[in-house]
Number of protein chains: 2
Amino acid sequence: MQTTTTTRTTSGSVATDETDRLIASNKVEGTAVYNRQGERLGSVYNFMVDKRSGQVEYAVMSFGGFLGIGDSYHPLPWKALTYDTAKGGYVVDLDKDRLQRAPSYASGETANWRDPAYGRQIDDYYGGFLRS
Amino acid sequence: MQTTTTTRTTSGSVATDETDRLIASNKVEGTAVYNRQGERLGSVYNFMVDKRSGQVEYAVMSFGGFLGIGDSYHPLPWKALTYDTAKGGYVVDLDKDRLQRAPSYASGETANWRDPAYGRQIDDYYGGFLRS
């Protein structure tokens, strides 16, 4: 199944496009994230890419209040997200409680991506939920 | 070598972070692109990710006028970009002439990502310049 979203405006913005295989980075950003019960958990704020390989490693989900006010940021392994075309967003196999206890940081703080242990902590926390 | 750029504001924006290995997607977007002669060619507008594998395939560079006015968009294979920390941007081994003749589309148009031949056209055009 293939979906395409294009936007044409006179302000010069380029289509943020999606095909059955590729998705534009600025379309991923802002996409809703749901759990399997259909509850909206938050949305993707940004994602972390390995500079050398070009492999997306983590998606950072914003969760909580209105965006920018009281949000917390939860990095998820990219593999934990599955795109659901019917919902028009990503699905992650998590309940809200588990998500709330997950590694996170608040607006205005930094994630400690420089420490390899930080990524491992995220991988370990979600280890049981990763798609094989 | 490792560089980190963090932004702390009271408006709730999260740090767009970079480490020696990982870079945030919203930091890639907007990063300058230079050629080896040091000329600024444009900046990364967005990049295309394979949804299943999470592999970045193409970076779309905006080129030409001020962003949003008269820009053209040039998809480049991700492998054609090398991050140069001294310049604070990506370097691509291209002269302006070759870039101007490359596959591109204008503001308000869509790239035909749905056609696999489109990606191959880009790969072929830049084939001689890809880092092995």
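Only the coordinates and a few stated rules stand behind these numbers; no lab work does. Everything quoted here is computed from the prediction, not taken from an experiment. Reconstructed Cβ throughout: ideal geometry from the backbone, glycine too, with neighbour counts over all protein chains shown.
Numbers at a glance
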quantity: Given (1) more than 9 Å from chain B (Cβ to nearest Cβ); (2) farther than 18 Å from A:GLN37 by Cβ; (3) outside any loop (DSSP other than H, G, I, E, B); (4) within 16 Å of the chain's Cα centre (by Cα), index of the condition A:PRO103 fails; calculated: (3)
quantity: Exclusive hit being surrounded by fewer than 20 Cβ atoms within 10 Å (Cβ to Cβ), among the basic types (Lys, Arg) and within 20 Å of A:GLN55 (Cα to Cα), set B:ARG98, B:ARG52; calculated: B:ARG52
quantity: Region A:31-56 residues that are among the β-branched types (Val, Ile, Thr), paired with ones that are outside any strand (DSSP E or B) and surrounded by fewer than 17 Cβ atoms within 10 Å (Cβ to Cβ) (beta carbon under 7 Å, 6 or more apart); calculated: A:VAL44/A:GLY30
quantity: Looking only at region A:15-57, and only at residues there that are of a type in the set (Gly, Ala, Ser) and touching an Asp or Glu at 6+ places or on another chain (Cβ under 9 Å), the one that is farthest from A:ARG120 (Cα to Cα); calculated: A:ALA15
